[in-house]
Each structure stands twice: as C-alpha cells, then as structure tokens.
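A short worksheet on the structure shown next.
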C-alpha cells in the first residue's frame, strides 16, 4: 500500500472553492483510501492507497469525485513521500547567501512541462526573486517575501498554460513528516 499526498489547487476555508477539510477527508475515505489526514485548510491530504493506482489515476479519480460531490473543477497534484524527499533535498536555493527558508515556496505542477512551456518563462527575471523549474516543480525564492512578488502560481499557470498549486517550504516539510509517520 502506497502513501500519497494530494495537493489541491485553490481549495480554501472561505470564499472561492470552499471545501471543508472534514468533508474532503470523508470523500477520500469514500473513494477507498485509508489513513486519511488533512493538513491546514488548503487542500492538503495525506492518504494511503490500497488500490495501487498510479499518480495519474489517483489525480483523475480525486478530480472527478470533487467535481461530482462539490461541483468544483479542482486540479489535484499527487506526490509520494519519496517525491517530497527529492523536492526537499533538491532545493536549488539552499546554498544562497543568507538563505531564509521562510522565503521559499514550491509550485507543484499538474503535468511535466514541455521544453516549449519552460522556454516561455526561462528568461523572465524579477530580481531579487528567483525561480527554478525542476521536473514537475517550480522552486520560488523571494528574499523580500511573497507579498509583492510577480512570480507565483498564477504567473506560471498563465505563461506555461499548466495547472499548479503553491505551498510554502514549511508546509512541504510538514506534509512529508505526516507521510513519514505512516511509513513506520
């Protein structure tokens, strides 16, 4: 049985795309997933998959169920604990002078971007903010904070035409810790 983390785009407690986390966890259990745990009110769900589906199959099943149950078209980015370990260890900004992990976030892309999609953003620069695309993730480092940064989820979705969802570095690490508890 594999453990996975589902990161949903745009799910929150109030306003647009509102889904209560208790209802979301209930939906995951209804789909046959076990050990379901949500983390903060933004669509993060750690769960076990006794059905042994692929990450693509999981995303499709979760997205369809959210549409059927809540009437929302919400992309689901699925990652394994091993994926999160690679993301954390592959942080391209860790060696920056005065690196502050509070200023780092990761955008989890729904699909692997093509070279043509990457080319649309590769030469864009908004110093001191930086980004690096590695696989299906975009690392964003904003030394002065995210408040006024021009590079965040919507920027990449609009330029690359690919769905994604952002999580700050602390959340990425917390999700891995939740998933690791299940591996023991």
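The values are calculated or read from the model by the stated rules, or taken from the named source; none is laboratory data. Values in this document were obtained by computation on a predicted structure and should not be read as measured data. Methodologically, a virtual Cβ is constructed for each residue, glycine included, from the backbone with ideal geometry; neighbour enumeration extends over all protein chains shown.
Could you list, in sequence order, all residues of the range 125-161 that are more than 24 Å from residue 49 (Cβ to Cβ), touching a residue at least 40 places away in the same chain (Cβ under 8 Å) and under 15 Å from the mean Cα position of the chain (by Cα)?
134, 139, 152, 153, 156
Which of the residues spanning the range 87-123 are outside any loop (DSSP other than H, G, I, E, B) and either at positive phi or free of Cβ contacts under 8 Å to residues at least 40 places away in the same chain (or both)?
89, 115, 116, 119, listed by residue number.
Can you tell me which residue within the range 170-184, out of those that are exposed (fewer than 14 other Cβ atoms within 10 Å of the Cβ) and more than 13 Å from the chain's Cα centre (by Cα), is modelled with the highest pLDDT?
Here the answer is 177.
Just to be sure, is residue 28 under 16 Å from residue 179 (Cα atoms), at pLDDT 95 or above and under 18 Å from the mean Cα position of the chain (by Cα)?
Against the criterion (under 16 Å from residue 179 (Cα atoms), at pLDDT 95 or above and under 18 Å from the mean Cα position of the chain (by Cα)), residue 28 qualifies.
I'd like to verify a number: residues in the range 67-85 that are touching a helix residue (DSSP H, G or I) at 6+ places or on another chain (Cβ under 7 Å), part of a helix (DSSP H, G or I) and over 18 Å from residue 167 (Cα atoms), how many?
Here the count works out to 1.
Which of the residues that make up the range 124-169 are surrounded by fewer than 13 Cβ atoms within 10 Å (Cβ to Cβ) and farther than 15 Å from residue 110 by Cα?
If the condition is that a residue be surrounded by fewer than 13 Cβ atoms within 10 Å (Cβ to Cβ) and farther than 15 Å from residue 110 by Cα, then 124, 125, 127, 128, 144, 145, 147, 148, 150 are the ones that fit.
Test residue 108 against the stated conditions and say whether it is buried (at least 18 other Cβ atoms within 10 Å of the Cβ) and closer than 24 Å to residue 27 by Cβ.
In short, yes.
The rows are residues; the columns are (1) in contact with a helix residue (DSSP H, G or I) (Cβ under 7 Å, 6 or more places away or on another chain); (2) outside any strand (DSSP E or B); (3) more than 20 Å from residue 38 (Cα to Cα).
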residue: 145; (1), (2), (3): yes, yes, yes
residue: 155; (1), (2), (3): no, yes, yes
residue: 162; (1), (2), (3): yes, yes, yes
residue: 175; (1), (2), (3): yes, yes, no
residue: 180; (1), (2), (3): yes, yes, no
